[in-house]
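Remarks on the structure that follows.
Read the figures in this text as sums done on the coordinates, not as results from a lab. Computed from a prediction, not measured in an experiment: that's the story for all the values here. Glycine gets a Cβ as well: all are built from the backbone with ideal geometry, and neighbour counts include every protein chain shown.
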Amino acid sequence: MVSTMYKKPPATPQGFKSQRMSPPQQGRSPLAKILVEDTLRGKDFLGIGYFNCGELKLILEVAALLKANKFDDTQTLFAKGQTLALCFEKPSLRTKVTFEAGMIQLGGSSIFLEDKLGVRESVPDIARNLDRWLDGIMARVFEHNTLILLADYAQVPVINGLSDLEHPCQALADFLTIKEQKDIKDWNFKGINLAYVGDGNNVANSLMLLAAKLGCNFSIACPSGYKPDATLWEMALEEAKHTGAKLTITESPTQAVAGADAVYTDTWVSMGQEDEMAERIKIFGSFQVNDALLKFAKPDAIVMHCLPAHRGQEITDAVMDGPQSVVFEQAENRLHVQKAVISLIM
C-alpha cells in the first residue's frame, strides 16, 4: 500500500501561454469546436481524481475523434512547434513509444530523459529548468510525490505517465476500449460491470476512480493486505453516490467476475517489487484469470490487461491470446488517449 499524496495541484499558473497552433477551421474538423475552448489548457494531468466526469468524458471524446482522424493531418496538428519532456524513472515500452509517436503525429517533438529524478539535481530545480525550455513534462516515476513536486514548481503542464498511486492514461485507454467493444453510446457506462482480479495497485486505483466517476460498476478481487489505496477507495465511494456506480471489494475472484462485461488483471509483481516475487506468487496463486474463472463472467465478456503480462501467472496464454482478449486494443488506445491529453492541456 502506498502512502497517499493526493493534494490538489496548483491552479493554472498566472501568465501561462500555450504555444500550440490554433485549432483547425470550424466546419472542416470535428475537433475544432471542442479544442477552441481552453477548458483544460495549462492544467496538470496527475490522476483521475483531479478531474470531474465532464472533463474526463471530454478527454475520451477527443481521443475517439483523434483516432478516427489519425491520418488527416489537417485536423490533428495541434502541437506544432511544441516539445514534450519524457522523464522515465522506470523502463517502458507502451508509455515511451505512444507519447513519442503521439507528439510526432500531433506535429510536435519530444526529448527522452532516463534517470531517477532528485538524485543528481533536485526535483524542483529540474522542473524550473524544463519549463524554461519545453511546453510540457510527462513523467513515469516511482513515487507520486515526485509528480506533485514537478507540478508545484513547473509552469508548464505535467502529465502522469505512471506513479505508485495512479496510472491515469492507462485507465482512460481502458475505458475507450470498453466503449468501443461494448458499443456504448454517449459515454454512458451505466450498467456495465468491470471486474478486476489481482493486486490493488496503481492501475486498480485509477480504474476504480474512473468507473465511479463514469457510473460504471466496479468489483475488485484481491487478497487481504493488497487492497486499493484506502483514501482513493473512499473518494471512489463518494463519487459513486452521485453516479449510481456499484463498487465492491472481495477476496473471491469468482464473486468479483460473476456477470462481468469486462475482466481485468495486471501483474502481481510490479517494477520495484521483484524481491517479493516468490511470496506474491504464493499469495496470488488463486487469482489467476484463466478459462475456468472466465466462465463466471458473461459469455461475451472481454478480457483486459494493461501489459506487460507475466503469462502463466496472472493470466494464461489461452485467455490472453483467446477470442475475448482485447489487450492489444487497449495498448493501441494509449496512443489516442495521450494525444487527447496533450491536445487539451498543452
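Annotations for the structure displayed:
- Per residue, the chain reaches -11500 deg cm²/dmol at 222 nm when only DSSP H runs of four or more residues are counted, each adding -39500 (n - 2.57).
- Sorted by Cβ density within 10 Å, fewest first, the residues TRP133, TRP268: TRP133, TRP268
- Reachable aspartates and glutamates, given that their alpha-carbon falls under 12 Å from the alpha-carbon of LYS213 and they are not under 8 places away in the same chain: GLU55, GLU238, GLU239
- Overall Cα dimensions of region 119-229 - principal axes, largest extent first, Å: 47, 37, 17
- By the count of other C-beta atoms within 10 Å, a proxy for reagent exposure, MET277, MET138, MET103 are ordered fewest to most as MET277, MET103, MET138.
- Each residue of the chain gets 125 Å³ once the volume of the Cα convex hull is shared out per residue.
- Based on C-alpha pairs under 8 angstrom that are at least 6 apart in sequence, region 170-326 has a relative contact order of 23 percent.
- Sorted by Cβ density within 10 Å, fewest first, the residues VAL263, VAL326: VAL326, VAL263
- What the pair-distance distribution of region 67-195 shows, using all Cα-Cα distances binned every 10 Å from zero, is 11, 36, 32, 17, 3 percent.
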